[in-house]
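**Student:** One structure follows; several queries about it will come next.
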Amino acid sequence: MAANPHAELFTLLDITGEDAADCAHLLNTPPEEPVLRAMTAMQERLGTFPVDSIQADRIQADGAGQDSSAVESVWIEALLRFAPSVHAYHLDLGIDSAVSAASLADLGLQLRINRRVHGQFGLDTWAWLTLHMAGNLFRLGRLQFHLVPAEGQDSDWVLGVHIPEDGGLSPDLVDASFAEARSFFPQYFPDKPARSATCDSWMLDPYLVQRLPESNIASFARRFTLDRCTDAATDAIYFTFRQRGFQDLDKLPRETSLQRVVLERIDDGGTWQLGHGHLAL
């Protein structure tokens with residue numbers, strides 16, 4: 001049997017199973033013009049420190065119009081083809097290959113989540129992954145950290161904190177991640193000192209802390225000074241149950257205390273919030 005020509009790439013990105021077969025299909029023919037344009041857009045951002053993802057209207061699939069599946073296909077292929085450039089950029093900075101791989105493996109994780117949510121191959125979170133491709137978002141232990149300029153500042157920097165789904169939030173794991181971040185970024189980005197970290201998450205909604213005060217989520221949220229909240233009605237549903245929207249809520253499980261709290265608030269007419277918080281590093 002012939003060796004898989006994409007095996008090294010799929011190992012780097014933690015792409016497995018049916019997703020590996022579907023990704024291989026995309027890579028088995030030369031890239032078309034929309035894919036090349038998407039890769040050019042990512043190349044322009046590599047080594048910069050963008051706050052925002054690339055948006056779909058910037059690079060549109062030819063003839064796709066508003067066909068989201070065609071747009072997703074273009075971006076999946078572009079992300080796959082561009083990832084080795086990001087890995088090489090990390091290595092040129094002296095960053096350990098394992099840290100780079102752990103960071104880029106979010107692509108494989110997001111493909112698996114998409115299959116779980118939609119029952120098929122796709123990547124509705126492709127725009128989020130364009131941030132990874134700028135080369136300044138890293139998985140350090142349990143958490144991801146995204147180095148960006150502080151809002152409204154030319155010389156100050158901040159770490160945006162993100163929480164991958166694949167694990168718990170025990171205080172020890174979170175402590176270890178922050179400890180690693182405090183040494184990692186000064187080592188590899190010494191000219192961009194970050195003195196604070198921010199987090200925008202439904203997990204910082206004060207309601208969750210009040211209802212589950214002894215939980216690891218509440219412990220995580222209390223690390224941050226809450227600056228404000230904004231409505232994020234569907235975030236708790238999506239991140240707890242991996243379901244888009246409010247359909248068939250009565251069929252969702254209520255087996256854990258978190259599941260019950262999420263659904264009971266909606267049952268009572270409440271709206272989940274996105275908490276925006278910060279902490280000093």
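**Student:** How many residues are of a type outside the set (Phe, Trp, Tyr), farther than 17 Å from Leu143 by Cβ and assigned to a helix (DSSP H, G or I) if we restrict to the stretch 187-207?
**Tutor:** Step one: of the stretch 187-207, the residues of a type outside the set (Phe, Trp, Tyr) are 187, 190-201, 203-206.
Filter once more, so that each one left must be farther than 17 Å from Leu143 by Cβ: 187, 190-193, 195, 205-206.
Restricting the remaining residues to those that are assigned to a helix (DSSP H, G or I) gives 187, 206.
Final tally of qualifying residues: 2.
**Student:** Please find, within the stretch 171-207, the residue that is nearest to Phe49 (Cα to Cα) out of those that are crowded, with 17+ Cβ neighbours inside 10 Å and small (Gly, Ala, Ser).
**Tutor:** Taking the candidates together, the pick is Ala194.
**Student:** Just a yes or no: is a residue in the stretch 241-260 hydroxyl-bearing (Ser, Thr, Tyr) and more than 24 Å from the chain's Cα centre (by Cα)?
**Tutor:** Let us first name the residues in the stretch 241-260 that are hydroxyl-bearing (Ser, Thr, Tyr), namely 256-257.
If we keep only those that are more than 24 Å from the chain's Cα centre (by Cα) too, we end up with 256-257.
Checking the stretch 241-260: at least one residue is hydroxyl-bearing (Ser, Thr, Tyr) and more than 24 Å from the chain's Cα centre (by Cα).
**Student:** Output the residues belonging to the stretch 42-70 that are modelled with pLDDT of 80 or more, farther than 23 Å from Ile95 by Cβ, under 21 Å from the mean Cα position of the chain (by Cα) and part of a helix (DSSP H, G or I).
**Tutor:** Ser69
Residue-by-condition table, conditions (1) β-branched (Val, Ile, Thr); (2) at pLDDT below 95; (3) in a strand (DSSP E or B):
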{"position": "Gln110", "(1), (2), (3)": "no, no, no"}
{"position": "Arg116", "(1), (2), (3)": "no, yes, no"}
{"position": "Leu131", "(1), (2), (3)": "no, no, no"}
{"position": "Ala134", "(1), (2), (3)": "no, no, no"}
{"position": "Phe138", "(1), (2), (3)": "no, no, yes"}
{"position": "His146", "(1), (2), (3)": "no, no, yes"}
{"position": "Glu151", "(1), (2), (3)": "no, yes, no"}
{"position": "Glu165", "(1), (2), (3)": "no, yes, no"}
{"position": "Gly168", "(1), (2), (3)": "no, yes, no"}
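**Student:** Let me ask something else. Counting only residues that are assigned to a loop (DSSP other than H, G, I, E, B) and at pLDDT 90 or above, which one in the stretch 208-233 is surrounded by the most Cβ atoms within 10 Å (Cβ to Cβ)?
**Tutor:** Looking at the filtered set, the residue picked out is Phe224.
**Student:** Can Val158 be described as among the β-branched types (Val, Ile, Thr) and closer than 29 Å to Leu93 by Cβ? Let's see the steps before the verdict.
**Tutor:** Numbers: among the β-branched types (Val, Ile, Thr): yes; closer than 29 Å to Leu93 by Cβ: yes.
Criteria met by Val158.
**Student:** Scanning for something assigned to a loop (DSSP other than H, G, I, E, B), touching a residue at least 12 places away in the same chain (Cβ under 8 Å) and touching a strand residue (DSSP E or B) at 6+ places or on another chain (Cβ under 8 Å), does the stretch 244-267 turn up at least one residue?
**Tutor:** Looking through the stretch 244-267, none of the residues is assigned to a loop (DSSP other than H, G, I, E, B), touching a residue at least 12 places away in the same chain (Cβ under 8 Å) and touching a strand residue (DSSP E or B) at 6+ places or on another chain (Cβ under 8 Å).
The values are calculated or read from the model by the stated rules, or taken from the named source; none is laboratory data. What you see is a predicted model, and the numbers here were worked out from it, not measured in a lab. Note that each Cβ is placed from the backbone with ideal geometry, even for glycine, and that neighbours are counted across all protein chains shown.
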